[in-house]
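Where a number appears in this text, it was derived from the coordinates with a stated rule and is not lab data. Quick caveat: nothing in here was measured; it's all calculated off a predicted structure. Neighbour counts are summed over all protein chains in view; Cβ atoms, including those assigned to glycine, are modelled from backbone coordinates with ideal geometry.
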Amino acid sequence: MIIQTKFHGEVNIQSEQLWNFPKGMPGFEDENEFILLPIEGNDMFQVLQSSRTPSVAFIVTNPYTLVDDYSFDIDEPTIELLNIEKPEDVFVLGILTLKQPFETSTINLQAPLIFQLNNRKAKQMILNDNRFTTRYVIGQPKEAK
């Protein structure tokens, strides 16, 4: 299938590349299918692109590469929704807000994206944890929040 994207133009994708967000994402409840697209020349960041709406795309990265002490428990509703059986079934990404200069860009640690590898379901989970912010500056030392 061919989709229009925000950053990559027209892209030909396979349905098995899609991630299903059964409940959408906060603020984008009608957006249920996304694909992770690479950013050429940058292995650290990806684009989470809606398969339906070209303008709905997020720059994402692995938050553990930016914050040493980032950890949280996945809540029971998310475990049930995604059918998570063991930690190896999932990976986590965080949404970035890009700024100039780039080092002042931020990542949302308060609402990680949880991806279930076996069934390709995903969810943005809102944490009830005040240790983490929605605007962690990516250019600061890794151990800081």
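Here are a few things to note about the model shown:
- Take each peptide in 107-120, 26-39, 2-15, count the other Cβ atoms within 10 Å of every residue, and average; sorted highest first, the result is 107-120, 26-39, 2-15.
- Calculated P(r) of the range 56-145 - Cα pairs past 20 Å, %: 35
- Fraction of antiparallel bridges per DSSP, the range 1-132 only, in percent to nearest 5: 95
- The fraction of Cα-Cα pairs per 10 angstrom bin, counted from 0 for the range 1-87, comes to 15, 39, 36, 10, 0 percent, rounded to whole percents.
- Computing FRET efficiency as 1/(1 + (r/R0)^6) for Gln17 and Gln140, where r is the C-beta to C-beta distance and R0 is 25 Å, gives about 0.15.
- Dipole axis of the chain (+1 Lys, Arg; -1 Asp, Glu on Cβ), positive-most option in Ala122, Phe7, Asn108: Phe7
- Lysine pair count for the chain (Cα-Cα distance under 26 Å; residues 8 or more apart in sequence or on different chains): 14.
- Ranked Asp68, Asp43, criterion: other C-beta atoms within 10 Å, fewest first: Asp43, Asp68
- Here the chain is assigned +1 on the Cβ of each Lys and Arg and -1 on the Cβ of each Asp and Glu. Its dipole about the Cα centre then comes out at about 400 debye.
- Near Val90, the amide H atoms lying under 5 Å from its own belong to Leu117; only residues 5 or more places off or on other chains count, and H is placed 1.01 Å from N.
- Between Glu88 and Ser55, full extension at 0.36 nm per residue minus the direct alpha carbon distance yields a gain of 8.7 nm.
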